[in-house]
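A short write-up of the structure that comes next.
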Amino acid sequence: MEVRLTAVFQKVSEGYIGFVEELPGANTQGATLEEARENLFEAVRLVLEANRSLSEESLKGREVIREPLLVCAA
């Protein structure tokens, strides 16, 4: 199974802005489309990292089951 996210880019006077429709908070900008793409990949990584930290903090001291979830890139 493959999970696909949707990157949306828009040309603006400063270059490009971009965001991921399915992941609130994952947004960025860049002088070129390629730069915006690279920055968006990093933004997604940072959002997932932040969400993990928030989750770990909220679950501190609780018994939970954690297991890997593989999401294949396109």
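Residue-wise test of (1) assigned to a helix (DSSP H, G or I); (2) touching a residue at least 60 places away in the same chain (Cβ under 8 Å).
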| position | (1), (2) |
| --- | --- |
| Val3 | no, yes |
| Leu23 | no, no |
| Asn39 | yes, no |
| Ala43 | yes, no |
| Val64 | no, no |
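Is it the case, given these coordinates, that Val12 is exposed (fewer than 13 other Cβ atoms within 10 Å of the Cβ), without any contact (Cβ under 8 Å) to a residue 40 or more places away in the chain, touching an Asp or Glu at 6+ places or on another chain (Cβ under 7 Å) and farther than 24 Å from Leu69 by Cα? In short, no.
Every number here is computed from the coordinates shown, using simple stated rules; none is lab data. This one's a predicted model, so the numbers in the text were calculated from it and none came from an experiment. FYI the Cβ positions are ideal-geometry reconstructions off the backbone, even for glycines, and counts take in every protein chain you see.
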